Amino acid sequence: MLSSRESKRNLIRVLIILIALISGIQLATSSGRAMNIYQPPLGSFDQNVNYIQGTKTEKELTQLMKNRHFIGTVTLVKNNHLVYQQGFGYANQSQGLMNSGKVTYQIASIQKSMTAVLLMKTAAEKHFSLDTPVSKFYPQIQGANLITLRNLLTMTSGITDQQPIKKPANDKQFLQYTVSQVKINPQMIGKLHYQPVNFVLLAGIIQRENHMSYYKYFEKNIIKPLGLRYSYFYQNMNKYRTVQAQGYHFNPHRPTAYVPFKEKRAGYDEQLGTGNLYMSNGDLYQTLRAFMNSSILTPQQTSALYSPGKTRSKYLSGVYSIQQTVPQLFGQQYAGYHFHGTEFGFDTIGDISKNGADAVIFTSNAANYGANNNYSLDIPIYKQLIDDSQIF
């Protein structure tokens, strides 16, 4: 039998161990709050995940999706971690394909941001600047000496509406048609006037200066370096049918009616450099993040690309300045860019921080244009994601 003194010593030892364990648990819990209990692995950006369960962000997002009858994929990234990605509804009802992180969508005008990066890379390699007159590349366009490449990048070139081409055309034919039709209104130079033709001209410069197609240059400098797996152009659509979303008409009275949106080949022919690219949400995020954190360009080139220069435009090389576009998001913590693209029943809208670490992406293949393409969809979630202390 143990003596009274030994029993006391053992009891003291047990108490010391218990105190140490309790302190350790408290320390770990405190550390968990500081580091955040929602600590997702970096992992793959094509997974369906939900690491924000029980947070205010999840509650607000769930209610928003319900109110909008949203069909598509939603992606949330914080501190470079994929914290939420879920698909809603069918990507292709006839094939039984559900929306998910692996599904690809037409990103439409968001492709312009990629054309802008490729133009900046070309300029650095071929020794011209964004302030180079457009007449250097298109002397046949009347008034091209009055505008610069930066005017094209910021939609302040004064180029007016262009009639669509009426017959099927390859890229060379379409570019020739575009150049022959371009009209510049001198009174509009310096004023924001959104015209996709600006980026068709930029794509033509990329092709001419690099002696290769826009698509090959894109693959060489974006798809391969970033290791993108779910990104392709319309020419390769048939190879990706198993992960490709079908665009649908949205009916507010029958949100799950799934009436296919008919896409004509000519619609793609007119999108050189401006909107004939399919991407998954994960590939889109990783691409935009690479642009923001200067993985493809140098920091100096990145800064130059997203500067309005003398134009003072809020449209900056394919994206919009959040602080100029959404003034209620005042504060350095919200600094970043808003992006949007819509066509053929697809609608993608989102926001990304200036360093690329935080982002929200809403991609719909049954676009409710009255609801999807305004700031009331993405901006509240982007703000909540950054403000939510439960997530990191």
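Among the residues of the stretch 321-339, write down those that are open to solvent by less than 50 Å² (accessible area, probe 1.4 Å) and either in a strand (DSSP E or B) or modelled with pLDDT under 90 (or both).
Ser321, Thr325, Val326, Leu329, Gly331, Gly336, Tyr337, His338, Phe339
Within the set of pairs 6 or more residues apart or between chains, which connect a residue that is over 13 Å from Tyr334 (Cβ atoms) inside the stretch 375-392 to a residue that is of a type in the set (Gly, Ala, Ser) and outside any loop (DSSP other than H, G, I, E, B) with Cβ atoms less than 9 Å apart?
So the pair list comes out as Leu377/Ala371.
Of these, Ser294, Ser313, Ser307, which one is surrounded by 21 or more Cβ atoms within 10 Å (Cβ to Cβ) and outside any strand (DSSP E or B)?
From the options Ser294, Ser313, Ser307, the qualifying one is Ser313.
One residue is enough: does the stretch 343-354 have a residue meeting the conditions closer than 26 Å to Gln63 by Cα, touching a His at 6+ places or on another chain (Cβ under 9 Å) and open to solvent by 10 Å² or more (accessible area, probe 1.4 Å)?
Scanning the stretch 343-354 turns up no residue that is closer than 26 Å to Gln63 by Cα, touching a His at 6+ places or on another chain (Cβ under 9 Å) and open to solvent by 10 Å² or more (accessible area, probe 1.4 Å).
If you check Leu288 against the conditions, is it of a type outside the set (S, T, N, Q) and under 16 Å from Ile110 (Cα atoms)?
yes
Is there a residue being under 30 Å from Lys66 (Cα atoms) and among the hydrophobic types (A, V, I, L, M, F, W, C) anywhere in the stretch 199-206?
There is no residue in the stretch 199-206 that is under 30 Å from Lys66 (Cα atoms) and among the hydrophobic types (A, V, I, L, M, F, W, C).
I'd like to check something: does the stretch 205-212 contain any residue that is among the acidic types (Asp, Glu), more than 30 Å from Gly101 (Cα to Cα) and either assigned to a loop (DSSP other than H, G, I, E, B) or at pLDDT 95 or above (or both)?
Yes; the residues of the stretch 205-212 include at least one that is among the acidic types (Asp, Glu), more than 30 Å from Gly101 (Cα to Cα) and either assigned to a loop (DSSP other than H, G, I, E, B) or at pLDDT 95 or above (or both).
Would the stretch 264-282 turn up any residue that is assigned to a helix (DSSP H, G or I), surrounded by 15 or more Cβ atoms within 10 Å (Cβ to Cβ), more than 16 Å from the chain's Cα centre (by Cα) and of a type in the set (Asp, Glu)?
Yes, the stretch 264-282 contains at least one residue that is assigned to a helix (DSSP H, G or I), surrounded by 15 or more Cβ atoms within 10 Å (Cβ to Cβ), more than 16 Å from the chain's Cα centre (by Cα) and of a type in the set (Asp, Glu).
Check off (1) over 17 Å from the mean Cα position of the chain (by Cα); (2) touching a residue at least 12 places away in the same chain (Cβ under 8 Å) for Ile296 and give me the number that stays unchecked.
(1)
Cβ-Cβ under 8 Å, sequence separation 6+ or interchain: first residue in the stretch 250-269 and closer than 16 Å to Asp347 by Cα, partner of a type in the set (Ser, Thr, Tyr) and modelled with pLDDT under 85. Which pairs?
Phe250/Tyr369
Considering only the stretch 340-392, how many residues are of a type in the set (Val, Ile, Thr), under 17 Å from His81 (Cα atoms) and not in a loop (DSSP other than H, G, I, E, B)?
5
Looking at (1) within 19 Å of Gly275 (Cα to Cα); (2) open to solvent by 60 Å² or more (accessible area, probe 1.4 Å); (3) not basic (Lys, Arg), which is the one condition that is false for Ser180?
Of (1) within 19 Å of Gly275 (Cα to Cα); (2) open to solvent by 60 Å² or more (accessible area, probe 1.4 Å); (3) not basic (Lys, Arg), only one is false for Ser180: (1).
For the stretch 133-148, indicate whether the set of residues that are of a type outside the set (Lys, Arg), free of Cβ contacts under 8 Å to residues at least 12 places away in the same chain and on the phi < 0 side of the Ramachandran plot is non-empty.
yes
Does any residue of the stretch 76-89 turn out to be in contact (Cβ under 8 Å) with a residue 40 or more places away in the chain and of a type in the set (Phe, Trp, Tyr)?
So far as the stretch 76-89 goes, no, none of its residues is in contact (Cβ under 8 Å) with a residue 40 or more places away in the chain and of a type in the set (Phe, Trp, Tyr).
The values are calculated or read from the model by the stated rules, or taken from the named source; none is laboratory data. For clarity, every value in this text was computed on a predicted model and none was experimentally measured. Every residue, glycine as well, gets a Cβ built from its backbone with ideal geometry; the counts of neighbours run over all protein chains shown. To get the accessible areas, we keep the full protein, side chains included, count just its heavy atoms, and leave off ligands, DNA and RNA. Shrake-Rupley method; radii C 1.70, N 1.55, O 1.52, S 1.80 Å.
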